[in-house]
Amino acid sequence: MNLSLLTDLYQLTMLCGYYSHQKLEQQSCFDLYFRRLPFSGGFCLAGGLEPALEWLESLKFEEPQIEYLRSLDLFPGEFLEWLRDFRFSGDIQALPEGTLVFPGEPILRIQAPLPQAQLIESALLNLINFHTLVATKAARVRLAAGDGLVLEFGLRRAQGVNGALAATRAAMVGGCHATSNVQAGFLYNVPVKGTHAHSWIMSFDTELEAFRAYADTYPDSCTLLVDTYDTLQSGVPNAIKVGKELAEKGYNLAGIRLDSGDLAHLSRESRKMLDAAGLTEARIVASNDLDEHAIAELKSAGAKIDIWGVGTNLVTCKDEPALGGVYKLVAASDQDGRLTPRIKVSSNPVKTTIPGIKQVYRAYNGERAVGDVLCLEDEPPTSDSRQIATTHALTGEKRTLHFTRLEPLLTPVVKNGKRVMPSESLLDSAERARQNLASLGEEHKRLKQAAPYWVGLSDGLYQLRERLLKGS
């Protein structure tokens, strides 16, 4: 499907205005970032880069799109003809998927002729915002689950087909181990998992008969849903019978699944019953409106759950269903063709932008991330002194970061309109996320009342911002 019209109308009316006023070659730089962390948390994981690059590579206006725009009676014919040859020719630097990111830090930095950079705003925000949000939610769920496995079960509750696929993809980046979504498994080459529904049980005359039939079909991966009738009086005892029958045939009962009721109590009692029957290897899977907070509460209540199936609350990010990502002009060429920093000023300080073409550096002490600093691209920080002075953009607080290693985060992904970063698997992105989270202090990963992570401006960038503010 041609998605060149996946944009807001005003992007196209501005594009037409740039065309009409001979601004096609004016150079620009835009940052895509967010202002506030979601879920009252302490971090985000960057996501959506691969889908964004795929969309950008396919961006072109063909006859059906041009004829539709013509039908709106908004655009002159010569502009519509010009659109036929429209291609993105700029440069993009980005945070690789799975990289920790914090408010004010560019997830993408786009340098391109102004009309090109303007047109791609809406689609990039759509892709980056949603993937980053779900990847972050999945990471929080994974942190809550600890050593337990996390399965993404959200297909049936996601916002449409595209929402389901995007959510699965982002959830895998964030740390989920597998998905129930077979189409996502096919597209993204990720593990798929699933058992059976209550309807399977109800289609047989007895629960035991249903269990035996399923075990006969899948003897080496048999997980039984035990809460159709009475979990502890019927479901688990029948699962134990089938588990023993499997053992006589040389197989192990893979596990049981709980999908309703008091999961903490039922899992504890089920574990006792399974262990007493010698089925110590059978694992307990739990589902039913889980999220990171429910998982943490269940664990604190002593739940004996090995695998967590998380669906609706993950793929919809039900407690905060949108990331407030924005796309702001930070530099543009002047009448002499020089690329100069630009600033948007607001009475709300958080909406005042950080001007200039920037790089983000992460300071490490050993393997621990201790803070980030935004620098102008032409003032790379020196690592010889092993320290760098920074200033918080909103509060003006100053802090010197001491480090053993300073790592630039923005990576070239598109050069002169051509992709320069090769595709990577979701498992590679998930491993990057795991390593990034391992470098973050536990105080920033708390589910509640997470400590703020330090992000400051370099001296040069802070002085530029103050100068532009005073001159505005």
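Scan (1) assigned to a loop (DSSP other than H, G, I, E, B); (2) over 36 Å from the mean Cα position of the chain (by Cα) for the single condition R212 breaks and write down its number.
The one condition R212 does not meet is (1).
If I go through segment 357-371 residue by residue, how many of them are in contact with an Asp or Glu (Cβ under 8 Å, 6 or more places away or on another chain) and either in a loop (DSSP other than H, G, I, E, B) or not assigned by TED's automatic domain parsing to the domain that holds P452 (or both)? I'd like the intermediate steps shown before the answer.
The initial filter retains those residues of segment 357-371 that are in contact with an Asp or Glu (Cβ under 8 Å, 6 or more places away or on another chain), namely 357-364.
The next check asks that each one be either in a loop (DSSP other than H, G, I, E, B) or not assigned by TED's automatic domain parsing to the domain that holds P452 (or both); those that pass are 357.
Qualifying residue count for the region: 1.
Please state which of the following conditions L80 fails to meet, knowing it meets all the rest: (1) under 25 Å from the mean Cα position of the chain (by Cα); (2) not in a strand (DSSP E or B).
All conditions pass for L80, except number (1).
Within the group T390, T352, T395, T340, which residue is hydroxyl-bearing (S, T, Y), under 21 Å from F102 (Cα atoms) and in contact with a strand residue (DSSP E or B) (Cβ under 7 Å, 6 or more places away or on another chain)? Step through it out loud before you land on a result.
Details: T352 fails: in contact with a strand residue (DSSP E or B) (Cβ under 7 Å, 6 or more places away or on another chain); T395 fails: in contact with a strand residue (DSSP E or B) (Cβ under 7 Å, 6 or more places away or on another chain); T340 fails: under 21 Å from F102 (Cα atoms).
Exactly one residue qualifies, and that residue is T390.
Here's the yes/no breakdown for (1) surrounded by 18 or more Cβ atoms within 10 Å (Cβ to Cβ); (2) within 20 Å of the chain's Cα centre (by Cα); (3) hydroxyl-bearing (S, T, Y); (4) at pLDDT 95 or above:
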position	(1), (2), (3), (4)
D428	no, yes, no, yes
A433	yes, yes, no, yes
N436	yes, yes, no, yes
Q449	no, no, no, yes
W454	yes, no, no, yes
Y462	yes, no, yes, yes
R465	yes, no, no, yes
G471	no, no, no, no
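Could you go through segment 336-354 and let me know if any residue there is part of a loop (DSSP other than H, G, I, E, B), surrounded by fewer than 18 Cβ atoms within 10 Å (Cβ to Cβ) and of a type in the set (V, I, T).
Yes.
Which residues, counting only those in segment 1-60, are assigned to a strand (DSSP E or B), under 30 Å from A139 (Cα atoms) and of a type in the set (S, T, Y)? Spell out the reasoning first.
Here is the first cut: in segment 1-60, the residues assigned to a strand (DSSP E or B) are 27-34, 44-45.
Imposing the further condition that a residue be under 30 Å from A139 (Cα atoms) reduces the set to 30-34, 44-45.
If the condition is that a residue be assigned to a strand (DSSP E or B), under 30 Å from A139 (Cα atoms) and of a type in the set (S, T, Y), then Y33 is the only one that fits.
Given segment 372-422, what strands (runs of 3 or more DSSP E) lie entirely inside it while holding 3 or more residues that are in contact with a Phe, Trp or Tyr (Cβ under 7 Å, 6 or more places away or on another chain) and of a type outside the set (A, V, I, L, M)?
Working: elements: 387-391, 398-402, 405-408, 411-415.
Result: 405-408.
Kindly state which helices (runs of 4 or more DSSP H) lie completely within segment 153-207 and contain at least 2 residues that are modelled with pLDDT of 95 or more and not assigned by TED's automatic domain parsing to the domain that holds L225.
Passing ranges, in order: 160-174, 182-188.
Scanning segment 366-386 for residues that are at pLDDT 95 or above and surrounded by 15 or more Cβ atoms within 10 Å (Cβ to Cβ), which turns out farthest from R434 (Cα to Cα)? So that I can check it myself, show each step before the final result.
Within segment 366-386, the first condition is being at pLDDT 95 or above, and the residues that meet it are 366-376.
Then drop every residue that is not surrounded by 15 or more Cβ atoms within 10 Å (Cβ to Cβ), which leaves 369-376.
Details: A369: 14, V370: 17, G371: 18, D372: 19, V373: 22, L374: 23, C375: 26, L376: 29 Å.
Result: L376.
Using beta carbons and a limit of 7 Å, which pairs, at least six apart or on different chains, have the first residue in segment 40-56 and not assigned by TED's automatic domain parsing to the domain that holds R434 and the second one assigned to a strand (DSSP E or B)?
Within 7 Å, no pair qualifies.
The values are calculated or read from the model by the stated rules, or taken from the named source; none is laboratory data. Because the structure is predicted, anything quoted here is derived from the model rather than measured. Quick reminder, even Gly has a Cβ in these numbers, built from the backbone with ideal geometry, and neighbours come from all protein chains shown.
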